[in-house]
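The values are calculated or read from the model by the stated rules, or taken from the named source; none is laboratory data. Since we're looking at a predicted model, the values are computed, not measured. Cβ sites come from the backbone with ideal geometry, for glycine too, and all protein chains shown count toward neighbours.
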């Protein structure tokens, strides 16, 4: 089991208390969707169901909504309805397409998940086979930018430039919008608690004791920074 899956599974029961930014991102992603009827929808990295909840609010319930996540604990807290099929699978697995109940979908979605692709080319090439319409929100390396600078470490996730370049290889009509968010805290200690339990840093190399101590003493902001790339892609 990868570090990402372990982290999401470990804190799944507390996830909805900490996914403040992810919830905002899912809401914005749903708002960007063109109004229309989608009979079959695949949500890659569905988590606790923020994307589906926004579908409900917009009265966009499809006939078939496939909720895919690598964490069974996350799927356990995802909403359940007659139209929902839950699939426990890892999009990093070379055979993950075989786990899906359908081979093509009207709409492919992913919110706050694809930054953890281990092989971005592989993942996007496989996903491009599933639908001609792809909407996504992906955290970029601009997330926690100041924190990484102070700690003198590199981001474990992709830059916006790398994401745009790779996505454009697999879709002919693509547009990108970069959003920035901040989340304020009363103390650096609270920030660390959030980072640990929110899933934003899943799989990230852990700081040493010395790095953590230095960061807590020298982090200059009262908030964390987030950078998210919103993607609209079609073939």
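Of note:
- When 114, 102 are checked against the criterion of being under 16 Å from residue 168 (Cα atoms) and modelled with pLDDT of 95 or more, 114 stands alone in meeting it.
- Annotation for region 35-49: no member residue is farther than 24 Å from residue 128 by Cβ, under 16 Å from the mean Cα position of the chain (by Cα), part of a helix (DSSP H, G or I) and modelled with pLDDT under 95.
- Residues in region 57-113 that are free of Cβ contacts under 8 Å to residues at least 24 places away in the same chain, touching a strand residue (DSSP E or B) at 6+ places or on another chain (Cβ under 7 Å) and in a loop (DSSP other than H, G, I, E, B): 2 in all.
- Considered as a group, the residues in region 116-133 that are part of a loop (DSSP other than H, G, I, E, B) and out of contact with any helix residue (DSSP H, G or I) (no Cβ under 6 Å at 6 or more places or on another chain) include one that is nearest to residue 101 (Cα to Cα), and that residue is 130.
- Scan region 151-163 for residues that are crowded, with 18+ Cβ neighbours inside 10 Å and assigned to a helix (DSSP H, G or I) and the total you get is 1.
- Qualifying residue in region 114-128 (condition: more than 16 Å from residue 69 (Cβ to Cβ), touching a strand residue (DSSP E or B) at 6+ places or on another chain (Cβ under 8 Å) and crowded, with 24+ Cβ neighbours inside 10 Å): no
- Whichever residue in region 214-231 is touching a strand residue (DSSP E or B) at 6+ places or on another chain (Cβ under 7 Å) and loosely packed, with under 15 Cβ neighbours inside 10 Å and, among such residues, is farthest from residue 113 (Cα to Cα): 222
- Look at (1) in contact with a helix residue (DSSP H, G or I) (Cβ under 6 Å, 6 or more places away or on another chain); (2) part of a strand (DSSP E or B) and you find that residue 177 fails only one, number (1).
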